[in-house]
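Scroll down for the structure; my scribbles are underneath it.
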Amino acid sequence: MKHLPVLLSESIDYLNIKPDGIYVDGTLGRGGHTVEIASRLNSGKLIAIDADEQAIKEAREITEGFEDRITFIHDNFRDLKNILNGLGIDSVHGMIFDLGVSSPQLDDMSRGFSYMQDSKLDMRMDRRNTLTAHDIVNGMSEENLRKLFFEYGEERYSRQIARKIVVEREKSTVETTGQLSNIIFSAIPAQARRENQHPSKRIFQAIRIAVNDELDSIKQALQDAPGLLKPKGRLCVISFHSLEDRIVKNSFREHSEGCRCSKKLPVCVCGRKPELKIITKKPIVASSGEIETNPRSRSAKLRVAERLA
């Protein structure tokens, strides 16, 4: 399946791209947003970052002709500050983070992301990392599995699924996504099996987040991003589930707040000043037309903030 970037026109419009500006695509994916940004630059520069080396390889192919405008970096966007420092860049005109997993990653059997096909449990975005889904499923304690499924998957049957995994792995190691999916299916009540959402979706999401330390990566990138934007520079973030969106919303709010002194004090003594202005009071969501063309966009939310002078 071809990867279609979600909320493409909306996010590009909100970036207010300057032809001579410097921009960051912190989550390159398969290059959809990168191509659109690069096509609007002339003397400008785009830093395209991804933890997945395969994503960079494939993005290079679709961005052919823009090589002089793009610098590809194989790294996690949580290291944004170090990446830009290493390039001698102290601030940029805009950034975009398109969070989560891409369609090609799900479709590639060798990656072990999908419950829709049977493959080895892996789920690493960066294959240089050692922790895999196999390690978590077969090595994590029952209580920690329960917490993982409940907190990262918001799974109401987290206890039953964790128990079933432990019982089954005592018989034999859980090696594949198909095995895990079958275990999940057998652990939940019959009524839950008939729901529209696949029973494995939330569990696979939780494991993937843990393998790639996704939420902490998002928090770190959002903590550093405001200080790396030029005045009026914009940060666009697209999230796909409530855990991600909550982090984005809270980070934007934190960076847009000023003085936190008690109202009882006559003057501010903390000296805190807001760094960001929130542009989207409510998140931008996909149109019905986009959802019809690209069902993945149904859960997407775009939030935008601007660096204050």
Next item on the list: For the stretch 48-67, indicate whether the set of residues that are in contact with a Pro (Cβ under 7 Å, 6 or more places away or on another chain) and not in a helix (DSSP H, G or I) is non-empty.
Entry: no
T63 meets each of (1) open to solvent by 40 Å² or more (accessible area, probe 1.4 Å); (2) among the hydroxyl-bearing types (S, T, Y); (3) touching a helix residue (DSSP H, G or I) at 6+ places or on another chain (Cβ under 6 Å) with one exception, condition (1)
Taking the stretch 68-80 and keeping residues within 15 Å of the chain's Cα centre (by Cα) and part of a helix (DSSP H, G or I) leaves F77, R78, D79, L80
Considering the stretch 184-195, residues that are within 27 Å of the chain's Cα centre (by Cα) and of a type in the set (A, V, I, L, M, F, W, C), and then whichever is surrounded by the most Cβ atoms within 10 Å (Cβ to Cβ), we arrive at I184
D216 fails exactly one of (1) surrounded by fewer than 21 Cβ atoms within 10 Å (Cβ to Cβ); (2) more than 16 Å from the chain's Cα centre (by Cα), namely (2)
Within the stretch 278-301, of all residues that are in contact with an Asp or Glu (Cβ under 6 Å, 6 or more places away or on another chain), open to solvent by less than 50 Å² (accessible area, probe 1.4 Å) and not in a loop (DSSP other than H, G, I, E, B), the one nearest to S102 (Cα to Cα) is S297
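If we keep just the residues of the stretch 22-41 that are open to solvent by 30 Å² or more (accessible area, probe 1.4 Å) and outside any loop (DSSP other than H, G, I, E, B), which is farthest from R234 (Cα to Cα)?
First, pick out the residues of the stretch 22-41 that are open to solvent by 30 Å² or more (accessible area, probe 1.4 Å): 22, 35-36, 39-40.
Remaining after also requiring outside any loop (DSSP other than H, G, I, E, B): 22, 35-36.
Working: I22: 11, V35: 18, E36: 16 Å.
Ranking the qualifying residues of the stretch 22-41, first place goes to V35.
Only residues that are in a helix (DSSP H, G or I) and among the charged types (D, E, K, R): list them for the stretch 4-21, please.
Listed by number, the residues that qualify are E10, D13.
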All conditions in (1) closer than 22 Å to G29 by Cα; (2) among the polar types (S, T, N, Q); (3) open to solvent by 50 Å² or more (accessible area, probe 1.4 Å) are true of S239 except (3)
Contact list, first residue from the stretch 191-214 and among the aliphatic types (A, V, I, L, M), second anywhere and loosely packed, with under 15 Cβ neighbours inside 10 Å and at pLDDT 95 or above, beta-carbon distance below 8 Å, six or more apart or interchain, is V211/N129; V211/L131
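One line per residue, one yes/no per condition, for (1) more than 11 Å from the chain's Cα centre (by Cα); (2) not aliphatic (A, V, I, L, M):
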{"residue": "A221", "(1), (2)": "no, no"}
{"residue": "G227", "(1), (2)": "yes, yes"}
{"residue": "K230", "(1), (2)": "yes, yes"}
{"residue": "V237", "(1), (2)": "no, no"}
{"residue": "F240", "(1), (2)": "no, yes"}
{"residue": "L243", "(1), (2)": "no, no"}
{"residue": "K249", "(1), (2)": "yes, yes"}
{"residue": "F252", "(1), (2)": "yes, yes"}
{"residue": "S256", "(1), (2)": "yes, yes"}
Conditions (1) surrounded by fewer than 22 Cβ atoms within 10 Å (Cβ to Cβ); (2) modelled with pLDDT of 95 or more; (3) within 30 Å of R124 (Cβ to Cβ) -> E275 fails only (3)
Every listed condition ((1) without any contact (Cβ under 8 Å) to a residue 60 or more places away in the chain; (2) outside any strand (DSSP E or B); (3) crowded, with 18+ Cβ neighbours inside 10 Å) holds for L84 save (1)
The lone condition E257 fails out of (1) among the acidic types (D, E); (2) more than 23 Å from N129 (Cα to Cα); (3) modelled with pLDDT of 95 or more is (3)
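Taking the conditions exactly as written (farther than 30 Å from F77 by Cβ, open to solvent by 10 Å² or more (accessible area, probe 1.4 Å) and of a type in the set (D, E, K, R)), does R208 satisfy them or not? Lay out the reasoning, then the answer.
Numbers: farther than 30 Å from F77 by Cβ: no; open to solvent by 10 Å² or more (accessible area, probe 1.4 Å): yes; of a type in the set (D, E, K, R): yes.
No: the conditions fail for R208.
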Going through the stretch 137-156 in order, the residues found to be of a type outside the set (F, W, Y) and within 20 Å of the chain's Cα centre (by Cα) are L148, E151, G153, E154, E155
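The values are calculated or read from the model by the stated rules, or taken from the named source; none is laboratory data. These numbers were taken from a predicted model, which means no experiment stands behind them. Please note: Cβ atoms are built from the backbone with ideal geometry, for glycine as well, and neighbour counts cover all protein chains shown. Note: accessible area is taken over every heavy atom of the protein model, side chains too, but ligands, DNA and RNA are not part of it. Shrake-Rupley method; radii C 1.70, N 1.55, O 1.52, S 1.80 Å.
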